[in-house]
Amino acid sequence: MTTLRKPAKRSVRGVSVLELMVSMAILTVIMGAMFTFLSKLQQRYNTTSRQATMNQMGRTAFELLAIDLGQAGYPGEVNTTTSAAITGSNTAQTVTVASTAGMFVNRVVLVDTGVNQEAVRITAKTSTSITGLFKMSHATGAPITASMNPYSQGVLNTASYSSTSSTLRIMGDLLADGSLRYIEYRFTAGANCTGTLVRSDTDAFATTQRAGVTVAERICNTATQGVFAYVPAPTELGEFIFVTDLTVSMTMQTQTNIERSAGGASEVTVVQTYSPRNVNFAFLLSQDGLQTILPVAPGAVLTTLPAAP
């Protein structure tokens, strides 16, 4: 006969108050360390995010400058024909043409081809005609083109309209559409990194300048410092002053001050040097004694730039 035995009773006791307090203390230390770590990560993310936004703004401004300076001094293409026959004369005359795109006062155009080709400097222009000294006769439909030698003062630096540390003035067929554009970058300093850089795009022959669009803000540069530097200094050869190199330097601050508790808003300095290719080519031609083949200043542009808004 099998006898059933009751299992021995085990001693069961609860967690003491001391053990519970020690466990809670350890858990508090661990959670505190985790929250500190997560807070540091969040601060790092905020700082990186603000710097990325600031860097993107800086890149946008520098990309616009690269495009504008790359086209500065581009004279624009001329490709049209005469709309009526021309009889050669030793006095200036006005002739109708199919298009005046790319033409402006003082620009030299090439009329016709072969032995009948001649160079004519434009002294006046309308939407349908040009005026100049046509010494040779030309048939209706004679082609009219122009030399693509660059405009020497794509970056303006004349006695009346010079580029400065706070203002950059650019001219040329910047859109490659036959229209001469005047681009002006203006830096305005502000206290506590509130400076701005605006860009204005205006027809070179307009009477007033279009309002500028902000391309960079929260700039820390001072008014004395500016953002544009011309090194080496502009070179004067004959009647032209060539700006062959310029450096743009901007120190910008993050857009928000969330991270001030971690030591203040972040700042980054972006520097870029440009060598306008058309201006440099014109400079080389001038150094080689070929300055006379360069387009001269368009009439009524360098003496009457669009008035600032």
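The values are calculated or read from the model by the stated rules, or taken from the named source; none is laboratory data. Not measured: the values here are computed from a predicted model. Backbone-built Cβ (ideal geometry, glycine too); neighbour counts: all protein chains shown.
Only residues that are in contact (Cβ under 8 Å) with a residue 60 or more places away in the chain, within 27 Å of Pro298 (Cβ to Cβ) and outside any loop (DSSP other than H, G, I, E, B): list them for segment 204-244, please.
Answer for segment 204-244, where residues must be in contact (Cβ under 8 Å) with a residue 60 or more places away in the chain, within 27 Å of Pro298 (Cβ to Cβ) and outside any loop (DSSP other than H, G, I, E, B): Thr208, Val215, Phe228, Phe240, Ile241, Phe242.
Of the conditions (1) surrounded by fewer than 18 Cβ atoms within 10 Å (Cβ to Cβ); (2) part of a strand (DSSP E or B), Val120 fails just one. Which one is it?
(1)
Taking interchain pairs and intrachain pairs at least six residues apart, which have beta carbon atoms under 8 angstrom, with the first residue in segment 146-168 and free of Cβ contacts under 8 Å to residues at least 24 places away in the same chain and the second assigned to a loop (DSSP other than H, G, I, E, B)?
Close Cβ pairs (under 8 Å, with a partner that is assigned to a loop (DSSP other than H, G, I, E, B)) amount to Ser162/Leu156.
Residue by residue, here is whether (1) out of contact with any Pro (no Cβ under 7 Å at 6 or more places or on another chain); (2) aromatic (Phe, Trp, Tyr); (3) more than 27 Å from Ser89 (Cα to Cα); (4) assigned to a strand (DSSP E or B) holds:
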{"residue": "Ser127", "(1), (2), (3), (4)": "yes, no, no, no"}
{"residue": "Thr145", "(1), (2), (3), (4)": "yes, no, no, yes"}
{"residue": "Met171", "(1), (2), (3), (4)": "yes, no, yes, yes"}
{"residue": "Gly190", "(1), (2), (3), (4)": "yes, no, yes, no"}
{"residue": "Leu197", "(1), (2), (3), (4)": "yes, no, yes, yes"}
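Is there a residue in segment 174-182 that is in a strand (DSSP E or B) and of a type in the set (Asp, Glu)?
No - not one qualifying residue is present in segment 174-182.
Do you know which residues across segment 61-98 are without any contact (Cβ under 8 Å) to a residue 40 or more places away in the chain and assigned to a loop (DSSP other than H, G, I, E, B)?
Across segment 61-98, the qualifying residue is only Ala98.
Touching a Lys or Arg at 6+ places or on another chain (Cβ under 9 Å), at pLDDT 85 or above, of a type in the set (A, V, I, L, M) and outside any helix (DSSP H, G or I) - does that describe any residue in segment 281-294?
So far as segment 281-294 goes, no, none of its residues is touching a Lys or Arg at 6+ places or on another chain (Cβ under 9 Å), at pLDDT 85 or above, of a type in the set (A, V, I, L, M) and outside any helix (DSSP H, G or I).
Which residue is surrounded by the fewest Cβ atoms within 10 Å (Cβ to Cβ), if the candidates are limited to segment 151-169 and must be modelled with pLDDT of 90 or more and part of a loop (DSSP other than H, G, I, E, B)?
Thr164
A quick yes/no check of all residues on (1) closer than 16 Å to Gly178 by Cβ; (2) surrounded by 15 or more Cβ atoms within 10 Å (Cβ to Cβ); (3) over 38 Å from the mean Cα position of the chain (by Cα); (4) of a type outside the set (Lys, Arg):
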position	(1), (2), (3), (4)
Thr82	no, yes, no, yes
Thr87	no, no, yes, yes
Ala92	no, no, yes, yes
Gly102	yes, yes, no, yes
Val111	no, yes, no, yes
Gly114	no, no, yes, yes
Lys125	yes, yes, no, no
Ile130	yes, yes, no, yes
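Determine the pairs where a residue that is over 14 Å from Gln209 (Cα atoms), located within segment 171-189, has a partner that is loosely packed, with under 15 Cβ neighbours inside 10 Å and of a type outside the set (Ser, Thr, Tyr) with Cβ atoms under 6 Å apart, the partner being 6 or more residues away or on another chain.
Pairs that qualify, where the first residue is over 14 Å from Gln209 (Cα atoms) and the partner is loosely packed, with under 15 Cβ neighbours inside 10 Å and of a type outside the set (Ser, Thr, Tyr), are Ala189/Ala223.
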